[in-house]
1. Only one of these is open to solvent by 10 Å² or more (accessible area, probe 1.4 Å) and either in contact (Cβ under 8 Å) with a residue 24 or more places away in the chain or of a type in the set (S, T, N, Q) (or both): ALA128, ALA152, ALA211, ALA122. Name it.
2. Which members of the stretch 29-47 meet the condition of being in contact (Cβ under 8 Å) with a residue 12 or more places away in the chain and either polar (S, T, N, Q) or within 19 Å of GLY123 (Cα to Cα) (or both)?
3. Only one of (1) at pLDDT 95 or above; (2) open to solvent by 20 Å² or more (accessible area, probe 1.4 Å) fails for ALA114. Which number is that?
4. Among (1) in a helix (DSSP H, G or I); (2) out of contact with any helix residue (DSSP H, G or I) (no Cβ under 7 Å at 6 or more places or on another chain); (3) farther than 30 Å from GLU221 by Cα, which single condition is ARG342 missing?
5. Looking at the stretch 176-208 only, could you name the residues that are acidic (Asp, Glu) and either crowded, with 18+ Cβ neighbours inside 10 Å or modelled with pLDDT of 95 or more (or both)?
6. One residue is enough: does the stretch 151-164 have a residue meeting the conditions at pLDDT 95 or above, closer than 15 Å to LEU301 by Cα and not basic (Lys, Arg)?
7. Only one of (1) in contact with a strand residue (DSSP E or B) (Cβ under 7 Å, 6 or more places away or on another chain); (2) on the phi > 0 side of the Ramachandran plot; (3) not acidic (Asp, Glu) is not met by VAL232, so which one is it?
8. Please enumerate the residues belonging to the stretch 297-320 that are open to solvent by 10 Å² or more (accessible area, probe 1.4 Å), among the hydrophobic types (A, V, I, L, M, F, W, C) and out of contact with any strand residue (DSSP E or B) (no Cβ under 7 Å at 6 or more places or on another chain).
Amino acid sequence: MPGPAAGTAHAATTTDVVCLGESMVTFLPSQPGRLADVPSFGRGIGGAESNVACALAAAGHRAAWVGRVGADGFGDHLVETIAGYGVDTSAVRRDPGRPTGIYFRTATDRGAGAHEVAYYRAGSAASAMSPSNVPYGEVFAGRILHLSGITAALSGDCLALLRELTAERPGRPLVSFDVNHRPHLWRGGDASVLLELARRSDLVFVGEDEAEEAWGIEGAEAIRAALPEPSVLVVKRGSAGATVFSGLRPGPRSSNAGGAESGPALRSTEGGPDTVTHVPALHVDVVAAVGAGDAFAAGFLSATLRGLPVRDRVRHGHLMAAAVLTVPGDLTEPPARDHADRLAALDDGAWGRLRLGPGWTAADRAPEEVRTS
């Protein structure tokens with residue numbers, strides 16, 4: 001089975017982050033209510049990995065998205081829209097025999113009981129991604145390779161691909177893995193493979209709720225005990241914020257993505273104790289809850305690429321998520337870097353008093369203008 005050559009080089013890359021996964025055309029309701037009652041829908045795009053790529057590109061990073069779409073109009077729309085954010089889409093492959101996935105959703109929060117999503121992705125072009133048809137040179141061209149558990153659920157070939165991409169090999173870029181457990185995709189499947197993939201990764205994002213649902217593991221400390229290998233484990237705790245376990249873990253992999261632009265490695269062959277960092281969540285006037293997890297990952301990765309301290313990495317994740325939470329769709333223009341840096345640098349008391357609502361990302365707004373409580 002074809003795969004990446006050992007020692008695939010990425011040191012001379014000009015790409016910061018490569019994101020691989022399925023993107024779909026999403027149809028957003030014109031009004032609240034059941035799908036049966038919504039009279040019309042607006043067209044957008046959705047996909048965890050492409051969302052991260054778009055957010056990173058909008059934040060000034062060199063991001064690429066690798067995926068597979070149909071040779072159809074929806075595929076054209078996806079590629080053109082994602083490229084419009086400044087993302088490199090040159091490695092996207094077109095499949096003449098399979099369609100681009102689409103889905104419809106209601107306007108309610110994904111976690112609400114009334115939320116409905118109708119997916120039309122079975123047999124999609126993306127589900128045909130496999131170790132034999134992915135352009136490994138482009139996939140390993142970045143300082144960071146970002147993946148998610150959604151891809152693993154699409155097909156046996158997709159799971160095999162993620163196992164290939166997370167395998168130990170010299171010169172592997174830092175692998176970022178967002179667990180992104182989607183129960184409807186794992187009906188009849190074994191979501192424990194997400195734990196396996198997370199343990200093979202360097203930087204892992206996982207929610208407390210999804211760890212309990214997918215693996216029966218409760219609490220941040222227990223999640224770390226089940227995931228001892230990643231150099232950085234980010235446990236998202238909803239309104240309680242996020243807890244990060246970071247330390248030098250035993251293992252041969254190394255990457256230059258953990259420090260400043262050309263700074264020290266995130267992963268070392270030396271072992272060391274964890275540093276545990278907890279950062280409270282922001283108070284946000286939520287417009288729509290979709291896309292926040294992807295935005296959080298993008299903010300954290302952006303700050304990681306810049307070599308910022310762990311606390312500020314989490315704060316930039318919260319800020320990027322707040323930008324998306326205060327708009328109706330999955331994507332939005334992030335706050336200007338200097339604006340986000342000012343907010344991330346606030347002392348703990350001022351950070352706790354921030355309340356962000358629609359329009360808060362305007363570049364000319366100082367921290368005092370968004371602090372309302």
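1. On the way: ALA152 fails: open to solvent by 10 Å² or more (accessible area, probe 1.4 Å); ALA211 fails: open to solvent by 10 Å² or more (accessible area, probe 1.4 Å); ALA122 fails: either in contact (Cβ under 8 Å) with a residue 24 or more places away in the chain or of a type in the set (S, T, N, Q) (or both).
It is ALA128.
2. Keep residues of the stretch 29-47 that are in contact (Cβ under 8 Å) with a residue 12 or more places away in the chain, which gives 29-35, 38, 41-47.
Matches in the stretch 29-47: SER30, GLN31, ILE45, GLY46, GLY47.
3. Here ALA114 clears every test but (1).
4. In the conditions (1) in a helix (DSSP H, G or I); (2) out of contact with any helix residue (DSSP H, G or I) (no Cβ under 7 Å at 6 or more places or on another chain); (3) farther than 30 Å from GLU221 by Cα, ARG342 misses (2) alone.
5. Filtering the stretch 176-208 down to residues acidic (Asp, Glu) leaves 178, 190, 196, 202, 208.
Passing the criteria: ASP178, GLU196, ASP202, GLU208.
6. no
7. For VAL232, the exception is condition (2).
8. Residues satisfying the conditions are LEU308, MET320.
The values are calculated or read from the model by the stated rules, or taken from the named source; none is laboratory data. From a predicted model like this one, the values you see are computed outputs, not experimental measurements. Ideal geometry is used to build each Cβ from the backbone, glycine not excepted, and the neighbour counts take in all protein chains shown. The protein model used for the area step is the full one, side chains on, heavy atoms only, and it has no ligands, DNA or RNA in it. Shrake-Rupley method; radii C 1.70, N 1.55, O 1.52, S 1.80 Å.
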